[in-house]
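What follows is a single structure, written as structure tokens, with notes after it.
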Amino acid sequence: VFRPPQHLELFAAIVGTGWQLVTLVLVVILYAMLGPVLHGNMYEDRGEMISTFIICFALSSAVAGYASGSFYKKFFTTARSEANAQWQKAMIYTIVLFP
């Protein structure tokens, strides 16, 4: 019942990327809502929301790595089982698979 999925590395990458997208959407929506409060006119500069989106996407990659790594680690509870772990492959999938 508590065995890992067949493609655990891929599944962990999908979970991590999902958390990245959730974080990204929440931060950009909060920025759009608080924009007029923080600095007056929201659309003062051209491309401000796009720049915000790109910067938040890059910063939320840390959330993806943490979520993917912690999800992958849950399936290896002992040091002996962790010896066969391929967490590097899970991190590469997280970085490359869903940019």
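The values are calculated or read from the model by the stated rules, or taken from the named source; none is laboratory data. This is a predicted model, so every value here is computed, not measured. Here the Cβ positions follow ideal geometry from the backbone for every residue, glycine too, while neighbour counts run over all protein chains shown. With ligands, DNA and RNA removed, areas are computed over all heavy atoms of the protein, side chains included. Shrake-Rupley method; radii C 1.70, N 1.55, O 1.52, S 1.80 Å.
Could you order 23, 77 so the one with the most accessible surface comes first? Probe is 1.4 Å. It would help to have the intermediate numbers written out before the result.
On the way: 23 40, 77 125 Å².
In descending accessible area the options line up as 77, 23.
Provide the per-residue ³J(HN,Hα) series for the stretch 51-64, in order, calculated from phi with Karplus coefficients 6.51, -1.76, 1.60 and θ = phi - 60°, each as a whole number of Hz, with x at glycine and proline positions.
Each residue's phi maps through the Karplus curve to give 5, 4, 4, 5, 5, 5, 5, 5, 6, 7, 5, 5, 5, 5 Hz.
Extending each Cα 7 Å along its Cβ direction at residue 46 and residue 66, get the distance between those two points in nm, one decimal.
The modelled label-to-label distance comes out at 3.7 nm.
What does the extension gain come out to for residue 6 and residue 73, with contour length at 0.36 nm per residue minus their alpha carbon separation?
On the way: separation 67, 0.36 × 67 = 24.12 nm, distance 1.50 nm.
Full extension from residue 6 to residue 73 adds 22.6 nm.
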